[in-house]
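Student: Dumping the structure here so I can ask a few things about it.
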Amino acid sequence: MSSYDCCPNCGHKPHGLTVAYMNIYKCEICKTKFCHECRGSNNGNRYPECGSERKSKIGEAYVK
Ligand SMILES: [Zn+2]
Ligand SMILES: [Zn+2]
């Protein structure tokens, strides 16, 4: 599991007010990393470019 400063795809950062970290996922099809804030990701359930719901959690982004 890796740690990130922000989402590698959209650059979203966890806010820190309500959450201390957020999950970073990777699409199993195209290997793109994404988060729940990426446009069209359906709250992190799929990667919108592929429409694939095959993903795995690969790390977390922490509030600095
Ligand atoms: Zn994909
Ligand atoms: Zn994102």
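Student: Can you confirm whether SER52 is at pLDDT below 95 and either exposed (fewer than 15 other Cβ atoms within 10 Å of the Cβ) or closer than 15 Å to SER2 by Cβ (or both)?
Tutor: Yes; evaluated as a whole, the condition is true for this residue.
Student: Across the range 28-64, what is the number of residues that are within 11 Å of the chain's Cα centre (by Cα) and outside any loop (DSSP other than H, G, I, E, B)?
Tutor: Within the range 28-64, residues that are within 11 Å of the chain's Cα centre (by Cα) and outside any loop (DSSP other than H, G, I, E, B) number 10.
Student: Could you check how many residues of the range 1-27 are in contact with a Cys (Cβ under 9 Å, 6 or more places away or on another chain) and part of a loop (DSSP other than H, G, I, E, B)?
Tutor: Counting residues in the range 1-27 that are in contact with a Cys (Cβ under 9 Å, 6 or more places away or on another chain) and part of a loop (DSSP other than H, G, I, E, B) gives 8.
Student: Of these, LYS26, LYS13, which one is away from ligand 1 (no atom under 15 Å from the Cβ) and of a type in the set (Lys, Arg)?
Tutor: Exactly one residue qualifies, and that residue is LYS13.
Student: Which ones in the range 27-49 are charged (D, E, K, R) and surrounded by 17 or more Cβ atoms within 10 Å (Cβ to Cβ)?
Tutor: Matches in the range 27-49: LYS33, GLU37, ARG46.
The values are calculated or read from the model by the stated rules, or taken from the named source; none is laboratory data. Note that the structure is predicted; figures quoted are calculated from it, not measured. Note: ideal-geometry Cβ built from the backbone for every residue, glycine included; neighbour counts use all protein chains shown.
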